[in-house]
1. How high is the relative contact order of the stretch 169-306? Use alpha-carbon pairs under 8 Å, at least six apart in sequence, and give a whole percent.
2. Compute the label zone of Ala314 within the stretch 366-397: residues whose backbone N is under 20 Å from the point 7 Å along Cα-to-Cβ.
3. Just want to confirm a number: the relative contact order over the stretch 304-406, from Cα pairs under 8 angstrom separated by 6+ residues, in percent.
4. Within the stretch 328-410, report the trypsin sites (Lys or Arg not before Pro) that DSSP leaves as loop and that have at most 10 other Cβ atoms within 10 Å.
5. Tell me, in nm to one decimal, what length is gained between Arg399 and Arg6 on full extension, where the rule is 0.36 nm per residue of separation less the Cα-Cα distance?
6. Let me check I've understood the local charge: for Ala249, count other residues with C-beta under 11 angstrom from its C-beta, Lys and Arg +1, Asp and Glu -1. What total comes out?
7. Once you've got the GNM for the chain with C-alpha springs shorter than 10 Å, pick whichever of Ala191, Ala210, Ala234 has the biggest mean-square fluctuation.
8. Express in % the proportion of alpha carbon pairs of the chain at distances exceeding 38 Å.
Amino acid sequence: MNVSDRAACIALDRSDPLGPLRERFALPPGLIYLDGNSLGPPATGSADRARAFVEEEWGPHLVGGWNVDGWLDLPLRLGARVAPLVGAHPDEVVVCDSTSVNLYKLLHAACALRPDRRVIVAADDDFPTDRYLVDAVATQRGCSVRWVDPAVLSPADLAAAAVFVCSHVHYRTARLHDMAGLTARCHAAGALALWDVSHSVGALPVALDACAVDLAVGCTYKFLNGGPGAPAFAYVARAHHDALANPIAGWLGHAAPFAFESAYRPSPGVGRLVAGTPSVLAFAALGAALDAFTGVDLSACAHKSARLSTVFTARIAAALGDELTGVSPTDPNERGSHVALRHAAGYPIVQALIDRGVICDFREPDVLRFGFAPLYLRYVDAFDAAEILIDVMRSGAWRAPRFAERAAVT
Ligand SMILES: *Cc1c(COP(=O)(O)O)cnc(C)c1O
């Protein structure tokens, strides 16, 4: 693959079996969108589906929609649609709440499943919400936390652990962790494994059942393109269905919500993880987003995103040397679907790129993130984005004072 050649990238696009999938997305013209790892674009059907929900379900049926349109079952029906994307049985996934809330529920549930063990082992430097919730749940349950580097997780780390918590792909560095190996290590030590697949689902194969994972959470607004704040999902291996307790014992996780019983009785299976009334309008957009995955081979996605990011990083390294330092693993098999580069002026450089139509993001303290979502990006996009970054660096365009002004979301 001659990555210094734009024509070669165009040829790659022509023969790309995933190329036609781009038509399933409504992308604004003239932009190179390298931030699908933060917020995916709408699918072409998203707008119609949201409108149809209002005009054909909610509008005409009003409260009757809960019955005639089957809204109550949507957390499980959508869960069954997410299941193949994470290598799970259809009855092991439920869609509800945010990733943070699901993590809270599953952390509590994991500790309750291992009551004689008083330690939560968690990946240091993980996504902040994961770290905050590990600390909070440990305090609530009187447990201690052991922060570890997952790459060197040892049996001694896990000796007293109820649960080990880790992101499959690290949000900043894109490091891909060995889900099968680390889960096996947990089980050998008597601990449960809880994975956060927010940064891998929809971009690469995830095999929760095959890796014997106990519990998992994931996000649907990144590579799954469900829309800002789209409801997240939770996975519970069948082996834990009967014993799992939801610490937020809300009425819609009850076995018979409309019996209005005085005491809580959990619904069988993962349905008990639902707490309160979900956002049915948000489910409509998520349904359209999941349609865009019909027939998609996630191994081919992983292969393509590795090649896209390689086109980009090879071009940057050839032109800029080590002016921008690589943060992600250099072996594409060891990283997820984005790459991170480091520069002391990361923030203004990212703003200058956005100004030139390359949408990427900045993560404190000095990291520039470039996501290579394989469903809608072309090789020529990776090439052009690299050329624009090279130009921004060589021209010093990022030094313009307006690029230093901070927005609330970086
Ligand atoms: C995006 C992401 C989240 C998001 O959590 P929300 O509750 O949806 O805001 C959580 N964990 C990880 C690892 C993520 O990448």
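1. Across the stretch 169-306, relative contact order equals 21 percent.
2. 370-375, 377-391
3. This gives 34 percent for the stretch 304-406.
4. Taking the stretch 328-410 and a limit of 10 other Cβ atoms within 10 Å, the loop trypsin sites (Lys or Arg not before Pro) found are Arg406.
5. Working: separation 393, 0.36 × 393 = 141.48 nm, distance 2.78 nm.
Stretched fully, the Arg399-Arg6 segment lengthens by 138.7 nm.
6. +3
7. Ala210
8. 23
The values are calculated or read from the model by the stated rules, or taken from the named source; none is laboratory data. Since we're looking at a predicted model, the values are computed, not measured. Reconstructed Cβ throughout: ideal geometry from the backbone, glycine too, with neighbour counts over all protein chains shown. For accessibility, only protein heavy atoms count, side chains too; no ligands or nucleic acids. Shrake-Rupley method; radii C 1.70, N 1.55, O 1.52, S 1.80 Å.
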